[in-house]
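Peer 1: Right, I'll just put the structure down here and ask away after.
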2 protein chains.
Amino acid sequence: MSVTFVNLFAVQPGRDAAFLELWQRVNTYMQGQPGYLDHQLHRALSPDARYRFVNIAHWTSESTWQAAHDEGFRALTGDPAWQEFPPFPTLYEVVHENHAAGARS
Amino acid sequence: MSVTFVNLFAVQPGRDAAFLELWQRVNTYMQGQPGYLDHQLHRALSPDARYRFVNIAHWTSESTWQAAHDEGFRALTGDPAWQEFPPFPTLYEVVHENHAAGARS
């Protein structure tokens, strides 16, 4: 069963570029890990959102997702610059869904 | 431009059924509103997640999403039972995405 990984980030005004540079380094690495399916990084439309960025990614299973958090991942996320952007990660399963008739997937 | 609506819910242990009953009433109503594209309600795999449920929905635009929060919506969410499950809603746009080659969409 595929799983949905939701990672929330609080990013202060004016710090989008710094966050994105750090995040993309980790994201590029994770895309190369077995089990990665897809991701969408979202930015809030309103500047006062508590979580300005939300990454939503899908992995083939909880075990591939766990295995992807390896030494290479820890080396990247051990960068002290990450202390400004503490992640808030949670793994989920889908329990209810629907698509409107004719809607894009 | 379509938008992504992320709604986080803290639900205490043993209260899933009560939450889901309330949530599905609102969800069914919103599915009938113009601009609704799709949704996936997620439940955390770990019992100690801060946000046990996360709804991720797509709408055709910010304006259709706003218009959907009408009198009918307010009547449903005005149910005092909702006080146990305060929502944490935020509207997002996608700023970075990728799909693995051959992965399901």
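The values are calculated or read from the model by the stated rules, or taken from the named source; none is laboratory data. Quantities reported herein were computed from a predicted structural model and do not represent experimental measurements. Cβ placement follows ideal geometry from the backbone for every residue including glycine, while neighbour counts extend to all protein chains displayed. Surface areas here come from the heavy atoms of the whole protein model, side chains and all, with no ligands, DNA or RNA. Shrake-Rupley method; radii C 1.70, N 1.55, O 1.52, S 1.80 Å.
Peer 1: Which distance in nm do the two modelled labels at residue A:1 and residue A:84 give, with both placed 7 Å along the Cα-to-Cβ direction?
Peer 2: 3.9 nm
Peer 1: Can you tell me the dipole magnitude for the stretch A:1-69 around its Cα centre, using point charges on the Cβ only (Lys, Arg +1; Asp, Glu -1), in Debye to the nearest 20? Intermediate results must be reported in sequence, preceding the final value.
Peer 2: Working: 5 positive and 5 negative charges, 33 e Å.
The dipole magnitude comes to about 160 debye.
Peer 1: OK, next. Shortest first and in nm with one decimal, please list how far the residue B:61 label point sits from its counterparts in the other copies (point 7 Å along Cα→Cβ).
Peer 2: The answer, with the shortest distance listed first, is 4.5 nm.
Peer 1: Using a 1.4 Å probe and counting only protein heavy atoms, arrange B:65, A:59 so the residue with the most accessible area comes first. Intermediate values should be presented prior to the final figure.
Peer 2: Working: B:65 45, A:59 10 Å².
Most to least solvent-accessible, the answer reads B:65, A:59.
Peer 1: What average count of beta carbons from other chains do you get within 10 Å of the Cβ of residues in A:55-66?
Peer 2: Numbers: counts 2, 9, 2, 5, 1, 3, 0, 2, 0, 0, 1, 0.
Across the residues of A:55-66, the mean count of other-chain Cβ atoms within 10 Å is 2.
Peer 1: Distances from residue A:94 to the same residue in each other copy, label points 7 Å out along Cα→Cβ, in nm, shortest first?
Peer 2: Label point to label point, same position, other copies: 1.4 nm.
Peer 1: Per 0.36 nm of contour for each residue apart, how much would the distance between residue B:95 and residue B:12 grow if the chain were fully extended, relative to their Cα-Cα spacing? Display every interim value, and only then the final one.
Peer 2: Working: separation 83, 0.36 × 83 = 29.88 nm, distance 3.28 nm.
The residue B:95-residue B:12 span can extend by a further 26.6 nm.
Peer 1: I would also like to ask the following. Report the residue, chosen from B:72, B:14, B:32, that carries the largest GNM mean-square fluctuation when chain B is represented by alpha-carbon nodes joined by springs under 10 Å.
Peer 2: Residue with maximal mean-square fluctuation among B:72, B:14, B:32: B:14.
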